[in-house]
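Student: Dropping the structure in here first, questions after.
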Amino acid sequence: MARVWDSQPIAFPGDTFDMSLPAIQITSLGKRYQLGAGATERYKTLRESLANWWRTPDRSEREFWALRDLSFSVQPGEVLGIIGQNGAGKSTLLKLISRITEPTEGRISLRGRVASLLEVGTGFHPELTGRENIYFNGSVLGMTRAEIRSKFAEIVEFAGVEQFLDLPVKRYSSGMYVRLAFAVAAHLQSEVLIVDEVLAVGDAEFQKRCVGRLRSVANESGRTVLFVSHNLAVVQAMCSRVLLLSGGRLAQDGSPSEVISHYVRGASSESRWTRGELPRVEDSWAFELIELQLGGEQPRMTLRLQVELRCGGSDVFIAFDILDAAGVPLMQALPKATPFLKPTPLRCRVVIGVELPPLIPGAYAVDAWVGSDFSRTHDHVRNAVAFEITESPTTGRSVAHTSDHGSIVPVSEVIECHPCDLT
Amino acid sequence: MQELIIEAGKSEAHYWRDLWRYRELFGFLAWRDILVRYKQTVIGVAWAVIRPLLTIFIGAGIFGTLAGLKYDGVPAVVSICAATLPWYFFSSALSESAGSLVGNANLISKIYFPRMILPASAVVVAFVDFAITMVILAGVMAWHQVWPTWRLLALPLFTLLAFVTAMGPGLLFTALNVKYRDFRYIIPFVVQFGQFVSPVFYTTTEVQEKFGDWGRIIVAINPIVAVIDGFRWAICGTTEMHWPSFALSGAFSLVLLGVGVWYFRRTEKTFADVI
């Protein structure tokens, strides 16, 4: 194998691993999930299964590739950031690398031990003391008893919980809890460390220490770190290389600044729909062209919708439904509630401006409707155009902004906050 | 440096090696569950003793005194105690392991380890309870002045058999419980039903007297019978082994272990996806 010394990290004397071999090599990796008729119910009930015993299996099951055709390799000592929309396949990738779930196709080759720091405090038990939890959590994360014992003092010092070691962690403050959990994870002795959104917790000062710790972990020991985060600033600061996933595929692979700026800019902010064939019904209004442009900046984003219509015989008005990725209508833009478009013998063109409420990152679809009153539809184009929002409306937010927190983020402010005497 | 290849279907190859490699985590899991178990309840250890103790006295009262069943010439309390302890081990191992995966869903969805160590550590926790309840046996035997014979030396062997017997259905129920979430409603029923189908409150010699050899063999189509008969043989010291039924029941528990392991491994790969 030809060695390109310039692109390789420097090997320290006494290093046990061959730096010329990648720490992680992924070849055409894919993971398929079956979506049942009820896509949300993943486990079955015995009752249903028995009831379906004699029926032919449900062929309507849909397949869904969470990840497809993914190939890349990571050199030892690299800090690789992985970014992308919710549902782009980031978590699936980490789950495959950490062996939680099996790939459907392709191959992963790992050199060295892999430890995941998927969520701070996994396996912490509230009833156990800090000391007991350090041992248990360390073991869960893949440390041997001897390793935990040798790192014990360091862990306790990093977390700063000396006095509370023999207290059940249910009595810890949330800050102490998080610090202890991160301290255990940060002292893992593995060649590959997988980090998923752990920095989303704790105060700013502690977060800074975590970033520092992770960076030194990578630099000093030549360990490989895979880092998934929605906090682009931290990704930029920490990583030496960034992968952008989109729709389960690798969209870009390059330097942090390059990939991140591409990601922020390149998110689909324009979308266009044209009618393939005209509808049969004559003398009826119909959309022929719908164009969408996303503008503005979070939390004040705007849509510009430009439509061209073939004119019908009556006065009409138009409306747009905005739906989230799951197809749930979030809101309806109705510029005028009474018919305002007059029939003309020609086509007509309408431009509508929509001021969006602060929306969480994700993909959104727009349905277009034209009718002469609320109950009389001339044309209704579902999923006509779409747009994607990449940034959270809450600036500085580091936790993944998912629909668990609702789709719309109301504008809120602190009106009053000062010390006061309650007596 | 060791290279690990992950491919579809590859986890099969290293299964048993991985199981050995994760023995320390297995130990920690069992240790955690035991700690938590005795920390959470105020009466802690006492609870493990009170339940079988009440069962033994109520059983002895109803079946020994009221119904007047015979217990191979030993006091009803001693004989019922010798059967209740392994039965309690079996039934609590079954229900604890069945819930072990669902109860540790956060671990399963975040960390890789051979899933089998979860139900296995639940069985170990049930075993610790069992060891504690041996105190009852000692007390009851001393009270009724039933002294152990050399046969007691065979008790560890039957305890091992109890382990095997609990493990098979435990794995099976665990996997079924993950796959079919309504399966948990069946488990208490199986346990309750099993207590009467199994010779806990009556003896297999009594069955043999009333229904002949075949009656005893039919009762032995139940994995726990070999364990209970073995315990009574070793503790009471007044009965002889009925080898055909012992072999049948013992073979049945080995078959169940095989089926349990097979089914568990077959469904294990998808646990993280469905849980």
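Since every read-out is calculated from the coordinates, none of them should be taken as a lab result. For clarity, every value in this text was computed on a predicted model and none was experimentally measured. Using ideal geometry, Cβ is built from the backbone for each residue, glycine included, and neighbour counts are taken over all protein chains shown.
Student: Express the Stokes-Einstein translational diffusion coefficient of the stretch B:152-218 in µm² s⁻¹, to the nearest whole number, given a Kirkwood radius over alpha-carbon pairs, 20 °C and a viscosity of 1.002 mPa s.
Tutor: Answer from the Stokes-Einstein relation: 149 µm²/s.
Student: Moving on to the next point. Over the stretch A:354-422, what is the relative contact order in whole percent, taking alpha-carbon pairs under 8 Å and six or more residues apart?
Tutor: For the stretch A:354-422, the relative contact order is 38 percent.
Student: Please compute the Cα-Cα pair-distance distribution of the stretch B:12-274 with 5 Å bins starting at 0, giving whole percents from short to long.
Tutor: 1, 6, 12, 17, 18, 16, 12, 9, 5, 3, 1, 0
Student: So who's got an amide H within less than 5 Å of the one on A:Glu78, skipping anything under 5 residues away but keeping other chains? H placed 1.01 Å off N, in plane.
Tutor: Excluding prolines and chain starts, which carry no amide H, the hits are A:Val225.
Student: Continuing with the same structure: Select from the stretch B:7-113 those trypsin sites (Lys or Arg not before Pro) which occupy a DSSP coil region and have at most 14 other Cβ atoms within 10 Å, ordered by residue number. Please list the in-between numbers first.
Tutor: Values: sites: B:Lys10, B:Arg17, B:Arg21, B:Arg23, B:Arg32, B:Arg37, B:Lys39, B:Lys70, B:Lys110; in loops: B:Lys70, B:Lys110.
Passing sites in the stretch B:7-113 are B:Lys70.
Student: Moving to a separate point now. Step through the residues of the stretch A:303-315 one at a time and calculate ³J(HN,Hα) from phi using the Karplus curve (6.51 cos²θ - 1.76 cosθ + 1.60, θ = phi - 60°), rounding each to whole Hz and writing x for Gly and Pro.
Tutor: 10, 10, 10, 10, 10, 10, 10, 8, 7, x, x, 10, 6
Student: Starting from the alpha-carbon convex hull of the stretch B:35-167, give the projected area averaged over all orientations, in nm².
Tutor: 9.6 nm²
Student: I've got another one for you. Please list, in chain and number order, the residues 5+ apart from A:Ser229 or on another chain whose amide H is under 5 Å from its amide H, with Hs placed from the backbone.
Tutor: Correct list: A:Ile82.
Student: When only Cα pairs under 8 Å and 6 or more residues apart are kept, what is the percent relative contact order across the stretch B:12-274?
Tutor: Values: 328 pairs, mean separation 69.1, N = 263.
So the answer I get is 26 percent.
Student: Sorted by average packing, counted as other Cβ atoms within 10 angstrom per residue and highest first, what order do A:322-330, A:336-344 take?
Tutor: Details: A:322-330: 14.3, A:336-344: 11.7.
Those peptides, ordered most packed to least, come out A:322-330, A:336-344.
Student: Can you give me the span-like helices of chain B, meaning DSSP H runs with 30 Å or more of Cα extent along the axis and Kyte-Doolittle mean at or above 0.5?
Tutor: B:76-103, B:117-143, B:155-179, B:243-268
Student: Could I ask something else about it? Can you give the helix-only mean residue ellipticity at 222 nm for the protein assembly as shown, where every DSSP H stretch with n ≥ 4 adds -39500 (n - 2.57) and the sum goes over all residues, rounded to the nearest 500 deg cm²/dmol?
Tutor: Result for the protein assembly as shown, helices only: -13000 deg cm²/dmol.
Student: Right, something else. How do B:Tyr202, B:Tyr15 rank when sorted from fewest to most other Cβ atoms within 10 Å of their own Cβ? All intermediate terms of the calculation are to be shown ahead of the outcome.
Tutor: Numbers: B:Tyr202 22, B:Tyr15 13.
By the 10 Å Cβ count, ascending, the order reads B:Tyr15, B:Tyr202.
Student: Report the charge-dipole magnitude of chain B in Debye, nearest 20, computed about the Cα centre from +1 at each Lys and Arg Cβ and -1 at each Asp and Glu Cβ.
Tutor: Details: 21 positive and 17 negative charges, 99 e Å.
Its charge dipole is roughly 480 debye.
Student: While we're here: Which one, B:Gly139, B:Ile80, B:Tyr15, is farthest towards the positive end of the dipole of the stretch B:12-274 when Lys and Arg carry +1 and Asp and Glu -1 on their Cβ?
Tutor: B:Tyr15
Student: With a 10 Å Cβ neighbour count serving as the proxy for reagent exposure, in which order, fewest first, do A:Cys348, A:Cys311, B:Cys81, B:Cys236 appear?
Tutor: Result, fewest neighbours first: A:Cys348, A:Cys311, B:Cys236, B:Cys81.
Student: Return the ratio Rg/(2.2 N^0.38 Å) for the protein assembly as shown, where Rg is computed over Cα atoms only.
Tutor: Against the empirical 2.2 N^0.38 Å value, I get 1.23 for the protein assembly as shown.
Student: Separate question: How do B:Ile218, A:Ile415, B:Ile187 line up, fewest other C-beta atoms within 10 Å first?
Tutor: In order of increasing Cβ crowding within 10 Å: A:Ile415, B:Ile218, B:Ile187.
Student: To check my understanding: the extent here is largest minus smallest coordinate of the Cα atoms along each principal axis. What are those three numbers for the stretch B:190-249, in Å, largest first?
Tutor: 30, 24, 20
Student: Separation of the stretch A:226-255 and the stretch A:88-154 by C-alpha centroid, Å?
Tutor: Taking the Cα centre of each part, the stretch A:226-255 and the stretch A:88-154 sit 21 Å apart.
Student: How big is the charge dipole of the stretch A:306-423 about its Cα centre, in debye rounded to the nearest 20, if each Lys and Arg gets +1 on its Cβ and each Asp and Glu gets -1 on its Cβ?
Tutor: In total the dipole reaches around 760 debye.
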